[in-house]
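I have placed the structure first, in the form of structure tokens, so that the comments after it can refer back to it.
The values are calculated or read from the model by the stated rules, or taken from the named source; none is laboratory data. Keep in mind that what you see is a predicted model, and the values were worked out from it rather than measured. No Cβ is skipped: glycine too gets one built from the backbone with ideal geometry, and neighbour counts run over all protein chains shown. Each accessible area value is taken on the protein alone, full model and side chains, heavy atoms only, with ligands, DNA and RNA left out. Shrake-Rupley method; radii C 1.70, N 1.55, O 1.52, S 1.80 Å.
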Amino acid sequence: SLLPEDTASASVFYPEVSVYGISLQGRAAGGILSLEAGYYESRQDRNGTDPVIPNSRTKFLLGYQRQLRKDFTAGVQYYCERMHRYSAYERNVSAGLPVQKRLYQLVTLRLTRFFMHRNLRLSVFSFYSPSYGDYMLNPEVKYNLTDDVWAAVGGNLFGGGYSWSRFGQMDRDDNIYLQIRYEF
């Protein structure tokens, strides 16, 4: 968080938080089901009235991954984050700042397909937030040149939402990358 010092400067600080959670994973419906939940307790502002300190939140992640056929897997995740003491947050949010939603949601999809005895991998990893309508797409092609050397080319495409949303703020930051790695 940023703590204003005067009208021209601010300092970074990390508010005290206690975290309680649970994580479960197991086989289900021919795939792997994952469940995580956590409560992030804002110890320095339990009432949610300090606009500088994030309110307490409950976070939840549900994931499922399955091999749809030989060398092709799909994974999907649903993430949500619910802000506590939301009415106090709304009353105290600083003027000019965007108002966060009480419930933030994010959905991910990963598709991976292997070819040529698993030496060639095509994949796409995507994020979409129904809360703000923003997204990120990460397509990638990876090829194992030898047992020790591989190369990949991919991209990161951002968009949608608002100029301050998680992926919308990077709308002009689309990029393409090339990676070559030697592993020993």
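Look at Arg57 and say whether it is basic (Lys, Arg), open to solvent by 70 Å² or more (accessible area, probe 1.4 Å) and at pLDDT 95 or above. It is false that Arg57 is basic (Lys, Arg), open to solvent by 70 Å² or more (accessible area, probe 1.4 Å) and at pLDDT 95 or above.
Under the condition of being exposed (fewer than 15 other Cβ atoms within 10 Å of the Cβ) and in a strand (DSSP E or B), the residues counted in segment 155-177 number 4. Restricting attention to segment 76-107, the residues that are in contact with a Lys or Arg (Cβ under 6 Å, 6 or more places away or on another chain) and surrounded by fewer than 17 Cβ atoms within 10 Å (Cβ to Cβ) add up to 2. Of the numbered criteria (1) open to solvent by less than 30 Å² (accessible area, probe 1.4 Å); (2) among the hydroxyl-bearing types (Ser, Thr, Tyr); (3) assigned to a strand (DSSP E or B), the one Tyr135 fails is (1).
Check whether at least one residue in segment 51-66 is in contact with a helix residue (DSSP H, G or I) (Cβ under 6 Å, 6 or more places away or on another chain) and on the phi < 0 side of the Ramachandran plot, and report yes or no. Yes, the conditions are met somewhere in segment 51-66.
If you go through segment 108-132 and pick out every residue that is open to solvent by less than 50 Å² (accessible area, probe 1.4 Å), within 16 Å of the chain's Cα centre (by Cα) and touching a residue at least 24 places away in the same chain (Cβ under 8 Å), you end up with 5.
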